[in-house]
């Protein structure tokens, strides 16, 4: 499938397909959304706060302090393997709790801070997104913030009651009196307003398992964001989001796509394949260990064949060999064949997800694509993506967090950096909140009881 090279389309049908089953540092400076409509606690301007990025294969915790328009200063950082998680979801509560405590402790020791609440960027929950359009009666008045608030709440009310939990409700476009679509109609008089928003949801049981683990770690969730949406905020420029861009976040266990256009996220989908599947294929085909297969992927992995690869021989320890005394040997061409087959399959599945929303893709065609996430660093992936999708591709690197050694600009950090921006920034939509607000005294007593039971009750 090739993305259509159509002329720029400014309007969309009033009811769009899809249902809910929703950079550089320039994007941080110039957030085009105007207001965050949520009652979450926001971090104080100069107070340190933390974010936990939960992926398929790794956990990352940042403790930072804001630097105003210059992003964030990194105070402490922790990295741990995501034991007890699969595709971002909790499958072993005890192992998952131990992994989260380990990464939190590592970051807290480095920063000299103790966290009591934390923001979370999450790739799990089998995210799904759909566009919802409602009609709001304005009555000839000038459209103001309250009208946008009521429209967002009406969208929320129209989708409540499903078996999924809403993470984000994001404005996509608005049509005063059925006229051309606008990103922001405030200040204009109208009789009616056709309001289109993206509703992004996750599976409710998976979310409850995650929040339960965080509660056992004695942490309150300050904010919960989808990792793909956060990665887009972290590594896309404002111009890219306005013109139209396809974001591919290639994680360990999943690959997600996000379609941005007109400055808003318009579509999101996920396939259950990522970098870990490449590692498994190498381990199986070469009869070696998972650990050595990961090393081979990082050192020699690629998806483009070179004329000299047949002459490059790589020693591979067969299962049972000592790692320093390998008995196997393969040409580099063999590694490329294995990796390319899995990556092509993953990108083909992404194409299928786009074809499911082809009307939307034709209405808001992407002009380029950005690859991010840990698996985006496989050599030659940009060229392969350009060949398959027919779009100019680049590797997305965040630029919002600066540590002692410089920018934290690795592609695997995009979701964490974007999550920090969303916690402190404004995106104009509604985000996840607890269904019931628990008084602070009750929460504190519950924590005390849990601590006493853990430490003094046999």
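Please treat every number below as a calculation from the coordinates, not as lab data. Fair warning: this is a prediction, and the values are worked out from it, not measured in the lab. Positions of Cβ are generated from backbone atoms using ideal geometry, with glycine treated the same way; all protein chains shown enter the neighbour counts.
Based on the Cβ-Cβ distance of residue 110 and residue 179, what FRET efficiency does E = 1/(1 + (r/R0)^6) give at R0 = 56 Å, to the nearest 0.05? Intermediate values should be presented prior to the final figure.
Details: r = 54 Å, r/R0 = 0.96.
After rounding to 0.05, the efficiency reads 0.55.
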Sorting 339, 318 on the 10 Å Cβ count, fewest up front, what's the list? 318, 339
Distance in nm between label sites at residue 334 and residue 91, each 7 Å beyond Cα in the beta-carbon direction? 2.8
Rounded if a/c under 1.5, otherwise prolate or oblate - the stretch 253-346, Cα gyration tensor axes: prolate
If I histogram all Cα-Cα distances within the stretch 311-442 using bins 10 Å wide from 0, what percent of pairs lands in each bin? 9, 22, 27, 23, 12, 6, 1
Fully extended, how many nm does the chain gain between residue 188 and residue 395 (0.36 nm per residue separation, minus their Cα-Cα distance)? 70.6 nm
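What Kirkwood radius, in Å to one decimal, follows from the Cα pairs of the stretch 51-95? The partial results should precede the final answer.
Working: mean 1/r = 0.0853 Å⁻¹.
The Cα-based Kirkwood calculation yields 11.7 Å.
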To the nearest Å, what is the center-to-center distance of the stretch 291-310 and the stretch 148-204, using C-alpha atoms only? 47
Taking 0.36 nm per residue of separation and subtracting the Cα-Cα distance, what length does fully extending residue 318 through residue 410 add? 29.9 nm
What do the square roots of 5 times the Cα gyration tensor eigenvalues come to for the stretch 146-188, in whole Å, largest first, as semi-axes of the equivalent ellipsoid? 24, 10, 9
Could you list 273, 62, 229, 284 in order of exposure, starting from the residue whose Cβ has the fewest other Cβ atoms within 10 Å? 284, 273, 62, 229
Treat the count of other C-beta atoms within 10 Å as a stand-in for reagent exposure and order 149, 194, 427, 53 from fewest to most. 149, 194, 427, 53
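Can you tell me the length gained on complete extension of the stretch residue 212 to residue 239, counting 0.36 nm per residue apart and subtracting the Cα distance? Please report the intermediate quantities before stating the final value.
Numbers: separation 27, 0.36 × 27 = 9.72 nm, distance 3.93 nm.
Going from the current span to full extension adds 5.8 nm.
Any chance you could tell me what percent of the C-alpha pair distances in the stretch 99-214 go past 18 Å?
Details: 4072 of 6670 pairs.
Tail of P(r) above 18 Å: 61 percent of Cα pairs.
So what is the diffusion coefficient of the stretch 342-390 in µm² per second by Stokes-Einstein at 20 °C and 1.002 mPa s, using a Kirkwood Rh over Cα pairs? Before the final figure, lay out each step's value.
Values: Rh = 11.9 Å.
In µm²/s, the coefficient is 181.
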For the stretch 43-122 and the stretch 215-284, distance of Cα centres in Å: 17
